[in-house]
1. Take the range 435-478 and flag every residue that is among the hydroxyl-bearing types (Ser, Thr, Tyr) and either in contact with a Lys or Arg (Cβ under 7 Å, 6 or more places away or on another chain) or within 24 Å of PRO392 (Cα to Cα) (or both).
2. Can you tell me which residue among GLY296, GLY287, GLY318, GLY255 is under 27 Å from the mean Cα position of the chain (by Cα) and either part of a strand (DSSP E or B) or not β-branched (Val, Ile, Thr) (or both)?
3. When you check ASP482 against the structure, is it within 21 Å of SER583 (Cα to Cα), surrounded by fewer than 18 Cβ atoms within 10 Å (Cβ to Cβ) and acidic (Asp, Glu), yes or no?
4. Residue by residue through the range 39-54, note down the ones that are of a type in the set (Val, Ile, Thr) and buried (at least 23 other Cβ atoms within 10 Å of the Cβ).
5. Could we say that PRO164 is assigned by TED's automatic domain parsing to the domain that holds VAL268, touching an Asp or Glu at 6+ places or on another chain (Cβ under 7 Å) and surrounded by 13 or more Cβ atoms within 10 Å (Cβ to Cβ) here?
6. Can you confirm whether ASP377 is among the charged types (D, E, K, R), at pLDDT 95 or above and within 24 Å of the chain's Cα centre (by Cα)?
7. Restricting attention to the range 196-218, and to residues there that are outside any loop (DSSP other than H, G, I, E, B) and touching a residue at least 24 places away in the same chain (Cβ under 8 Å), which single residue is surrounded by the fewest Cβ atoms within 10 Å (Cβ to Cβ)?
Amino acid sequence: VLSGGGIHASASDVTLENCRMRDNLAQNGGGAYFTDVTATITDCWISSNSVTGQGSGLFLDDTQTSISDTMFCANTPDDIAGDWIYEGGVAFEDVCPFYTYTLHIVENATDSFNPPVIEVEPGDTIRWSTSVTSGPPCAPDGLFTDLELSGGPFNNWWAFWEVPLDIGLVDIPYFASDACDTMIGLIRVVDVLRVPGEYATIQDALDDADDADMILIEPGTYHETDLTTTADDVLIRGELDEDGQLAVVIGPEPGTTASPSIISVNGVETLTVESIHFTGARAFSGGAINFVSSSGIVENCLFTNNRALTGGALAATGSDVALSGCTFTGNIAEYGGAASFNGGTGAIFDCLFETNQAYEDQAGPAAGGAIKLNACDVQISGSRILNNGAFPMPGGGIHAESGSLSIVQSMIQGNTGTECGGLFLSGTDTVITSSRICGNSDNQICGPWTDGGSVSVGDDCSIFYVPGFYETFQEAVAASGDGDTIYVAAGTYEITGQYGLRLEEQSLTVIGETNADGSPATILDGQLSFLGLDGTEVILENLTCSGLFLSSCTTTVTNCAIQNGAGLNLNFVEGTFTGCRISGNSGNFFPIGLTQLDYDDVGGDIATSSTTFIDCLVENNYASSCPPPLNCAGRSGVAILAGAAELIGCTIRDNNATGTAGVYITTPLEVSLTDTTVCGNMTPGQVIGPYTDLGGNTVADECLAECPA
């Protein structure tokens with residue numbers, strides 16, 4: 001057409017909102033031709049229009065045209081001919097960006113935003129459930145202020161902000177308007193290059209990347225190697241599948257016997273690689289990723305079946321590299337089956353290295369089945385290095401020479417190597433804290449190191465320390481196996497969950513510490529339940545808890561206090577209880593205090609309970625009536641309702657109930673008392689039911705006054 005390939009307007013008022021004008025052709029005004037009009041254009045995309053004259057996007061003749069939040073791109077030869085009024089957010093690009101106009105949702109926690117940093121593109125919209133203001137904490141910068149809440153049945157659910165198209169690639173701090181010094185967040189505006197949506201290959205996207213760009217790779221398998229970039233601060237991210245699992249796989253064609261590294265990083269600052277599975281590489285150094293004189297971050301990546309001479313999956317030379325949440329399995333190299341660090345610094349957080357191998361070939365002996373360190377400063381935290389191997393050299397887990405090494409909250413277990421299966425340390429300043437190094441062969445650690453505290457080293461991996469590798473008792477129990485032992489230091493450890501700690505069909509030993517007077521110094525604050533079967537053995541020492549339930553197991557309980565909860569309940573148990581105190585418990589259904597009642601037979605090898613209590617104290621327990629419709633009277637103290645029991649040197653006193661309190665025995669049971677005192681309980685006579693008196697017992701309605709010390 002002669003004028004206005006998309007729109008022609010004259011002598012009128014025009015409003016264009018949320019519109020797209022593209023691929024139009026005219027002599028003047030490829031997108032639109034306005035003459036003698038008042039026009040408002042907002043939130044529009046005007047692209048790829050062409051003219052033989054002027055105004056590929058807009059031709060404006062004698063108009064009052066206001067433009068805001070609009071993109072002009074790839075128009076030929078120009079974008080706008082004529083005067084116009086800038087209202088903000090107008091961008092001009094030679095090549096049209098690939099924007100998705102995504103809605104990002106930021107959730108509120110008690111005192112933080114989730115996610116704390118949100119990555120957006122120009123044109124995206126962000127939604128909060130509280131009013132927010134841009135700027136450093138409590139210092140508004142004017143970009144957006146006190147965004148109003150709208151939507152929902154009360155029109156006060158959400159605040160929205162649309163990222164302006166001309167914002168640039170910037171970081172925008174913000175804060176909650178009503179909590180400016182505590183609830184803070186960050187908006188990071190990035191340019192996203194999509195593969196294969198915009199770019200056919202990953203390398204095509206990297207070739208076009210500028211500093212701080214993001215390469216976003218759609219789910220799929222990409223047979224590419226020798227990926228490189230010269231831009232700094234680039235993020236290469238693989239999209240996850242709908243279940244949040246890795247869905248991008250990169251590596252050479254199957255069957256490849258030699259290839260460059262999948263990603264080669266040379267002289268680049270802060271390359272970040274995220275959420276990608278690297279596999280099948282066959283390179284000289286760093287099969288999957290090779291850092292040289294660079295810095296980088298590798299996060300949430302999986303490395304499998306990669307091979308190299310140095311660093312089967314990853315190598316860093318003279319570089320500063322951080323690994324977070326990554327898994328390395330089945331990788332092979334001569335030096336560092338999974339990873340090698342030579343010079344520079346390294347940080348390894350929450351990673352798993354498993355079944356990697358350092359092998360010997362014609363070039364020389366192998367070292368570092370999982371990790372090889374040389375003249376570098378490395379910290380390892382919250383990681384597991386399991387079942388790796390190095391032959392015929394030491395260091396099945398880690399081989400470190402010179403530099404420094406810090407290991408915190410980590411496990412090095414089941415690794416194998418000549419002379420030293422766990423860690424080989426030569427000239428390395430090494431500090432190990434709160435970690436487990438066990439089950440490696442031969443030897444756990446070779447070379448000098450400093451114990452930073454709570455370190456477990458030994459051939460036997462069945463011993464756990466709390467705190468140490470596990471900060472909480474329940475974490476240690478969850479990680480333990482059948483027959484393991486947990487040593488719990490003095491202190492209070494909260495037991496969470498509706499029914500407390502519940503462990504089924506597992507033998508376990510738990511040993512606490514004592515105070516100066518011999519009383520338990522380890523408090524497990526909650527209910528403990530051990531539900532066994534054939535052969536289950538439970539050993540407890542020096543512990544305080546609010547309730548203990550033992551079922552279908554053999555047990556030894558020594559110097560334990562069960563107080564201020566449900567008491568001690570036994571179901572098909574064979575065991576000995578020595579020096580225990582059961583006090584201050586209360587309830588209204590089961591007898592409260594010490595109860596032996598075989599009410600739930602799970603078919604184990606214990607036909608009925610058989611227990612011995614030595615020097616135990618049962619006092620000040622209270623049982624109220626059962627709730628309707630049962631309406632039964634409560635019992636407290638000691639109730640032997642099944643099996644056999646011996647009480648030797650025990651004291652049962654000052655227990656109260658709405659029914660009976662003292663010792664209650666049903667017939668016919670084998671119950672004996674030796675050197676035992678039963679007194680001051682609510683029920684006259686103190687003992688209800690038959691028992692065998694083996695001598696030395698005191699049974700009285702009133703307890704004798706204790707002589708002053």
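The values are calculated or read from the model by the stated rules, or taken from the named source; none is laboratory data. Everything numeric here is computed off the predicted structure, so don't read it as measured data. Neighbour counts are summed over all protein chains in view; Cβ atoms, including those assigned to glycine, are modelled from backbone coordinates with ideal geometry.
1. SER441, SER456
2. Details: GLY287 fails: under 27 Å from the mean Cα position of the chain (by Cα); GLY318 fails: under 27 Å from the mean Cα position of the chain (by Cα); GLY255 fails: under 27 Å from the mean Cα position of the chain (by Cα).
Step by step, each of GLY296, GLY287, GLY318, GLY255 is checked, and only GLY296 is under 27 Å from the mean Cα position of the chain (by Cα) and either part of a strand (DSSP E or B) or not β-branched (Val, Ile, Thr) (or both).
3. Values: within 21 Å of SER583 (Cα to Cα): no; surrounded by fewer than 18 Cβ atoms within 10 Å (Cβ to Cβ): yes; acidic (Asp, Glu): yes.
Criteria not met by ASP482.
4. Let us first name the residues in the range 39-54 that are of a type in the set (Val, Ile, Thr), namely 40-42, 46, 51-52.
ILE41, ILE46, VAL51 - these are the residues of the range 39-54 that are of a type in the set (Val, Ile, Thr) and buried (at least 23 other Cβ atoms within 10 Å of the Cβ).
5. no
6. Values: among the charged types (D, E, K, R): yes; at pLDDT 95 or above: yes; within 24 Å of the chain's Cα centre (by Cα): no.
It is false that ASP377 is among the charged types (D, E, K, R), at pLDDT 95 or above and within 24 Å of the chain's Cα centre (by Cα).
7. Restricting attention to the range 196-218, the residues satisfying the condition of being outside any loop (DSSP other than H, G, I, E, B) are 202-208, 214-217.
Now drop any that are not touching a residue at least 24 places away in the same chain (Cβ under 8 Å), which leaves 202-203, 206, 214, 216-217.
On the way: ILE202: 23, GLN203: 18, LEU206: 23, MET214: 22, LEU216: 22, ILE217: 24.
Residue satisfying both the conditions and the ranking: GLN203.
Conditions (1) closer than 24 Å to ALA623 by Cβ; (2) of a type outside the set (A, V, I, L, M, F, W, C); (3) in the same structural domain as LEU594 (by TED's automatic domain parsing), marked per residue:
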residue: ALA479; (1), (2), (3): no, no, no
residue: ALA490; (1), (2), (3): no, no, yes
residue: GLN498; (1), (2), (3): yes, yes, yes
residue: ALA516; (1), (2), (3): no, no, yes
residue: LEU524; (1), (2), (3): yes, no, yes
residue: SER546; (1), (2), (3): yes, yes, yes
residue: SER552; (1), (2), (3): no, yes, yes
residue: ILE562; (1), (2), (3): yes, no, yes
residue: GLY567; (1), (2), (3): yes, yes, yes
